[in-house]
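Below is one structure, written out as structure tokens, with a few remarks after it.
The values are calculated or read from the model by the stated rules, or taken from the named source; none is laboratory data. In this text the structure is predicted, and so the values were computed from the model without any measurement. Every residue, glycine among them, receives a Cβ derived from its backbone with ideal geometry; neighbour counts consider all protein chains shown. When the accessible area is computed, the model is the full protein with side chains, heavy atoms only, and any ligands, DNA or RNA have been set aside. Shrake-Rupley method; radii C 1.70, N 1.55, O 1.52, S 1.80 Å.
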Amino acid sequence: VAIDTLKKMGIKTIMLSGDRQEVAEYIAFQAGIDEVIAEVSPLEKSKKIENLKKDGAIVAMVGDGINDAVALVAADIGIAMATGSDIAIESADITVLNGDLNKIVKALKISRLTMRKIKQNLFWAFIYNIIALPIAAGVFYPAYGLLLSPIIAAGAMSFSSLSIVFNTLLMRRLKI
């Protein structure tokens, strides 16, 4: 289910495995993974990730073993399974509890939503600053007589900050 959801999100899945090719292909087929690269060493996993990054891909590596530690560090984001080895957990940026792959999907959805909110908040902050700051600074006063009193400007700045906070809090209402 998690692999299908990742595919629907436009994410290509690749299995990097030290196992024999036949075994890795069988598991990848069962899970619905797009590509299999088998019989690779930990260093080769890391090199494959570096090559993907050079090609412009944003790479998330999911691993649970000692052999995955170098690749977890090489990836843009390393995701370890809490059921895995301590070195994998220490090497990763995120640790998924209970070995549930669906939590990886949830983490990706949360991160995408967070980036969307950051962009929205920056947009509105820039709009406010482009409009309100010149008026408050008196740029339009000589030509149009337009000026904000310091009290109104301070209130508008507070409103801008509050709107950003409330926009961010809207994330809590979404079901992910």
Residue identified as out of contact with any helix residue (DSSP H, G or I) (no Cβ under 6 Å at 6 or more places or on another chain) and free of Cβ contacts under 8 Å to residues at least 60 places away in the same chain among Leu133, Leu148, Leu108: Leu133
Complete set of residues in segment 51-65 that are surrounded by 15 or more Cβ atoms within 10 Å (Cβ to Cβ) and either in contact with a Lys or Arg (Cβ under 7 Å, 6 or more places away or on another chain) or under 14 Å from Ile14 (Cα atoms) (or both): Leu52, Val59, Ala60, Met61, Val62, Gly63
Hey, Ile110 within 16 Å of the chain's Cα centre (by Cα) and open to solvent by 20 Å² or more (accessible area, probe 1.4 Å) or not: yes
From the options Lys48, Lys7, residue that is open to solvent by 50 Å² or more (accessible area, probe 1.4 Å), without any contact (Cβ under 8 Å) to a residue 40 or more places away in the chain, in a helix (DSSP H, G or I) and over 22 Å from Ala92 (Cβ atoms): Lys7
Test result for Val70, more than 20 Å from the chain's Cα centre (by Cα), farther than 29 Å from Ile110 by Cβ and of a type in the set (Val, Ile, Thr): no
Helices (runs of 4 or more DSSP H) lying entirely in segment 95-176 (those with 2 or more residues that are of a type in the set (Val, Ile, Thr) and under 30 Å from Leu6 (Cβ atoms)): 102-137
Members of segment 14-38 found to be under 23 Å from the mean Cα position of the chain (by Cα), surrounded by fewer than 17 Cβ atoms within 10 Å (Cβ to Cβ) and part of a loop (DSSP other than H, G, I, E, B), listed by number: Gly32, Asp34
Counted residues, segment 66-89 - those being surrounded by fewer than 16 Cβ atoms within 10 Å (Cβ to Cβ) and touching a Lys or Arg at 6+ places or on another chain (Cβ under 8 Å): 1
Subset of segment 117-144 that is small (Gly, Ala, Ser) and open to solvent by less than 50 Å² (accessible area, probe 1.4 Å) - its residue that is nearest to Ala107 (Cα to Cα): Ala125
